[in-house]
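Derivation of every value follows stated rules applied to the coordinates shown; laboratory data play no part. On a predicted model such as this, the values are computed, not experimentally measured, just so you know. Ideal geometry is used to build each Cβ from the backbone, glycine not excepted, and the neighbour counts take in all protein chains shown.
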Amino acid sequence: MKLDKRRRREGKTNYHKRLLLLRGETLRLVIRKTNKYMILQIVDSHNAQDEILYYVNTKELLKQGWPEDKKGSLKSLSAAYLGGFLLGKKAKDLKKEIILDIGLNPNTKGSRVYAAVKGVSDSGIKINYGMKVMPSEDSIQGKNMKKDFSEVFNKIKGSIK
């Protein structure tokens with residue numbers, strides 16, 4: 001069977017990396033960044049067919065108390081962390097360990113991807129990661145912003161069940 005390489009040509013899929021992830025036969029935490037939001041999914045694969053078990057878009061944080069005037073920052077470090085935390089709470093009955101699938105996102109220390117991983121981990125889901133790549137607590141809580149965002153951050157984190 002010949003594999004269509006259209007998605008590789010378009011820069012959307014790295015088939016070598018995908019094959020390695022699928023061979024592991026473990027659940028994957030898939031993190032994708034868009035221009036406005038972050039999409040987080042826990043995915044199971046059977047015969048190279050992906051099944052989304054749990055899904056969170058950071059747009060859902062608006063329902064959790066994210067300020068409407070900060071709607072443009074739903075792809076920030078704080079939003080990524082809270083999105084990961086929300087995903088972890090939705091998947092609270094998940095007993096398996098998951099692995100990270102960042103796709104074509106660059107592997108950058110302190111990035112939004114790792115803020116989301118920290119959120120998932122802090123919610124109780126088992127995932128392997130190194131502390132060296134995690135963003136600082138101050139960055140995640142929004143203390144580095146012009147206006148201190150930590151009060152709003154803690155309120156939203158407390159409201160997520």
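Apply the Karplus curve 6.51 cos²θ - 1.76 cosθ + 1.60, θ = phi - 60°, to the phi angles in the stretch 134-144 and return the couplings in whole Hz, x for Gly and Pro.
6, x, 5, 4, 5, 5, 5, 7, x, 6, 8
Using θ = phi - 60° and the Karplus relation 6.51 cos²θ - 1.76 cosθ + 1.60, list the HN-Hα couplings for the stretch 7-13 in order, rounded to whole Hz, with x at every Gly or Pro.
Listing the rounded values in order: 5, 5, 4, 7, x, 9, 9 Hz.
Across all directions of projection, what mean area in square nanometres is found for the Cα convex hull of the chain?
Average projection, Cα convex hull of the chain: 10.1 nm².
Taking the chain as the reference, fit the longest principal axis to its C-alpha atoms, fit the long axis of helix 77-90 to the helix C-alpha atoms, and give the angle between the two in degrees, 0 to 90, nearest 10.
70
Which value in deg cm²/dmol, rounded to the nearest 500, describes the helix-derived mean residue ellipticity at 222 nm for the chain, given -39,500 (n - 2.57) per DSSP H run of n ≥ 4 and division by the residue count?
-9500 deg cm²/dmol
How high is the relative contact order of the stretch 12-159, in percent, counting Cα pairs under 8 Å that sit 6 or more residues apart?
It comes to 23 percent, rounded to a whole number.
Taking a label point 7 Å from the Cα of LEU53 along the Cα→Cβ vector, which residues of the stretch 78-102 have an amide N closer than 17 Å to it?
Of the residues in the stretch 78-102, 84-102 have backbone N under 17 Å from the label point off LEU53.
Compute the helix-to-body angle for 150-159: its Cα long axis versus the longest principal axis of the chain, expressed 0 to 90° and rounded to tens.
For 150-159 against the chain, the angle is about 60 degrees.
Taking the Cα centre of the chain as origin, work out the dipole magnitude from +1 charges on Lys and Arg Cβ and -1 charges on Asp and Glu Cβ, in debye rounded to 20.
Using only the charged Cβ atoms, the result is roughly 520 debye.
Charges on Cβ only, +1 for Lys and Arg, -1 for Asp and Glu, centred on the Cα centroid of the chain; of GLY72, LEU61, GLY83, which one is farthest towards the dipole's positive end?
The residue sitting most towards the positive pole is GLY72.
Testing the spin-label approximation: label points 7 Å from Cα along Cα→Cβ at ARG7 and HIS46. State their distance in nm.
1.9
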